[in-house]
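Student: Quick one: the structure is below, questions incoming.
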Amino acid sequence: MAQTVAQPTANTPAVPTTLPLKAIAPWAVFFGILMLVLLYFVGAEQGATSVVSGEDVHEWVHDARHLLGFPCH
(Lines give C-alpha, C1' and ligand atoms only; values in the text may rest on other atoms or scores of the structure.)
Protein backbone atom coordinates (compact mmCIF):
# COMPACT_ATOMS: atom_id res chain seq x y z
CA MET A 1 0.00 0.00 0.00
CA ALA A 2 1.51 3.34 -1.00
CA GLN A 3 1.26 6.36 1.27
CA THR A 4 1.78 9.92 0.26
CA VAL A 5 3.39 12.50 2.50
CA ALA A 6 2.56 16.16 2.22
CA GLN A 7 5.66 18.18 1.49
CA PRO A 8 5.96 21.64 3.04
CA THR A 9 5.79 24.51 0.59
CA ALA A 10 6.93 28.10 0.90
CA ASN A 11 3.94 30.13 2.04
CA THR A 12 3.71 33.86 2.09
CA PRO A 13 2.41 35.30 5.37
CA ALA A 14 -1.27 36.18 5.42
CA VAL A 15 -1.94 39.90 5.40
CA PRO A 16 -5.23 40.97 7.01
CA THR A 17 -7.43 43.05 4.78
CA THR A 18 -8.48 46.47 5.95
CA LEU A 19 -12.08 47.60 5.93
CA PRO A 20 -12.39 51.21 4.76
CA LEU A 21 -14.07 53.69 7.07
CA LYS A 22 -16.49 54.69 4.30
CA ALA A 23 -17.92 51.17 4.38
CA ILE A 24 -18.39 51.17 8.16
CA ALA A 25 -19.65 54.73 8.72
CA PRO A 26 -23.25 54.33 7.44
CA TRP A 27 -23.76 51.19 9.52
CA ALA A 28 -22.22 52.81 12.60
CA VAL A 29 -24.54 55.81 12.26
CA PHE A 30 -27.58 53.57 11.72
CA PHE A 31 -26.87 51.39 14.75
CA GLY A 32 -25.97 54.44 16.85
CA ILE A 33 -29.33 56.06 16.11
CA LEU A 34 -31.12 52.75 16.70
CA MET A 35 -29.43 52.37 20.10
CA LEU A 36 -30.36 55.93 21.08
CA VAL A 37 -34.00 55.30 20.17
CA LEU A 38 -34.02 52.06 22.16
CA LEU A 39 -32.34 53.78 25.10
CA TYR A 40 -35.00 56.51 24.99
CA PHE A 41 -37.86 54.02 25.00
CA VAL A 42 -36.35 51.98 27.82
CA GLY A 43 -35.14 54.87 29.93
CA ALA A 44 -37.31 57.92 29.35
CA GLU A 45 -40.60 56.97 27.70
CA GLN A 46 -42.93 58.06 30.46
CA GLY A 47 -44.36 61.18 31.95
CA ALA A 48 -44.17 64.61 30.31
CA THR A 49 -41.64 63.61 27.64
CA SER A 50 -43.55 60.60 26.36
CA VAL A 51 -43.98 60.21 22.61
CA VAL A 52 -46.58 57.46 22.91
CA SER A 53 -49.60 58.18 25.10
CA GLY A 54 -50.63 55.72 27.76
CA GLU A 55 -48.59 53.21 29.73
CA ASP A 56 -48.16 50.52 27.07
CA VAL A 57 -44.50 51.20 26.29
CA HIS A 58 -43.73 51.52 30.00
CA GLU A 59 -45.21 48.10 30.67
CA TRP A 60 -43.44 46.48 27.71
CA VAL A 61 -39.99 47.66 28.81
CA HIS A 62 -40.57 47.59 32.58
CA ASP A 63 -38.13 44.77 33.35
CA ALA A 64 -35.50 46.22 31.03
CA ARG A 65 -35.69 49.49 32.98
CA HIS A 66 -34.84 47.73 36.21
CA LEU A 67 -32.15 45.61 34.55
CA LEU A 68 -30.42 48.72 33.23
CA GLY A 69 -30.83 50.62 36.50
CA PHE A 70 -33.51 53.12 35.49
CA PRO A 71 -35.99 53.95 38.25
CA CYS A 72 -39.60 53.89 37.13
CA HIS A 73 -41.70 54.05 40.32
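The values are calculated or read from the model by the stated rules, or taken from the named source; none is laboratory data. Keep in mind the model is a prediction, meaning the values are calculated, not measured. Don't worry about glycine lacking a Cβ; one is built from the backbone with ideal geometry, like all the others, and counts go over all protein chains shown. Each accessible area value is taken on the protein alone, full model and side chains, heavy atoms only, with ligands, DNA and RNA left out. Shrake-Rupley method; radii C 1.70, N 1.55, O 1.52, S 1.80 Å.
Student: Tell me the per residue accessible area of the chain using a 1.4 Å probe; a whole number in Å² is fine.
Tutor: 91 Å²
Student: Given a 1.4 Å probe and every protein chain left where it sits, what share in percent of the accessible area of the stretch 1-46 is carbon and sulfur?
Tutor: That share works out to 74 percent.
Student: Peptides 22-34, 52-64, 3-15: what's the order by average Cβ count within 10 Å, highest mean first?
Tutor: Put in order of decreasing packing, that is 52-64, 22-34, 3-15.
Student: Right, something else. Put a dot 7 Å past each Cα toward the Cβ at T18 and I33; how far apart are the dots in nm?
Tutor: 2.8 nm
Student: Can you pull the accessible area of L21 for me, 1.4 Å probe, Å² to the nearest 10?
Tutor: Surface accessible to solvent at L21 totals approximately 130 Å².
Student: Given points 7 Å out from each Cα along the Cα-Cβ axis, report the A25 to Y40 separation in nanometres with one decimal.
Tutor: Between A25 and Y40, the simple spin-label model gives 2.4 nm.
Student: Can you bin the chain into rounded, prolate or oblate? Criterion: square roots of the alpha carbon gyration tensor eigenvalues sorted a ≥ b ≥ c, rounded for a/c under 1.5, prolate for a/b above b/c, oblate for the rest.
Tutor: prolate
Student: Put a dot 7 Å past each Cα toward the Cβ at E55 and N11; how far apart are the dots in nm?
Tutor: Here the answer is 6.3 nm between the modelled labels.
Student: If you fit an axis through the alpha-carbon atoms of helix 21-43 and take the longest principal axis of the Cα set of the chain, what angle between them do you get, 0 to 90°, nearest 10?
Tutor: In the chain, helix 21-43 runs at an angle near 30 degrees to the longest axis.
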